[in-house]
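Working notes, structure below.
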Amino acid sequence: MSIAIVRMNPMHMGHKYLIEEMGKVSNTVYIGLGTCQEERTLKNPYTPKERETMIRNVFPDKNKYKIFFLDDLPNCSKKEWQEYCLIELEKQCGESNPNRYFGGCEADVDWWEDSINLSGDKIETVSLCRYDTDYMSATEIRKSLRLYLSGENNSTDWISHIPKENIDFVKEKYPKELLTVK
């Protein structure tokens, strides 16, 4: 079984690729949605439930793709972060022993280097470097989407970087109160 920790604010094609790759090698894929303590901000415009819906729109199989929710832990060590994630995985999904961690870049994977699950088994890390792709980052998508929705820009570049199942959802659920924030 595989695990990834992501924000998905919003879910983009890089996230879709990551989950697809996890699904190719694992019967069960655990997706930890991070930064759940923050929503309706420029950096985190979507709620945890909205982000869960984005995943379900693309990966509806709840038996294979399981989602759990994580708040950030400020100033924690790698070991503390790993332990927190595995404990929350066990609390929310009844599982604490993934054997693979997937990350979208080396910095993500670095947080899981030399990690062990709660049974004491090593967790293999897999980096799917998003910087080697032409995917637009979530930061760029949020900026482009906000400018498009506010009418400041009519560019729809961001659309090709969102899974088609989520394009309307992402537009509809973007917080209107953020459209005027500078």
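At-a-glance table
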item	result
Exposure proxy order (Cβ contacts within 10 Å, fewest to most) of 126, 29	126, 29
Listed residue (10, 179, 30) projecting farthest to the positive dipole end of the chain, Cβ model	179
Fewest-first sequence of 182, 173 by Cβ atoms within 10 Å of each Cβ	182, 173
Radius ratio Rg over Rh of the stretch 90-142, counting only Cα atoms, Kirkwood formula for Rh	1.10
Shape parameters for the stretch 1-97, alpha-carbon atoms, Rg then Dmax in Å	13.0, 35
Taking 69, 59, 102 and counting other C-beta atoms within 10 Å, the order from fewest to most	69, 59, 102
Percentage of interatomic Cα-Cα distances in the chain larger than 23 Å	40
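Computed from the coordinates by the stated procedures, all read-outs in this text should not be read as laboratory data. All figures in this text were calculated on a predicted structure; none of them were measured in a lab. Neighbour counts are summed over all protein chains in view; Cβ atoms, including those assigned to glycine, are modelled from backbone coordinates with ideal geometry.
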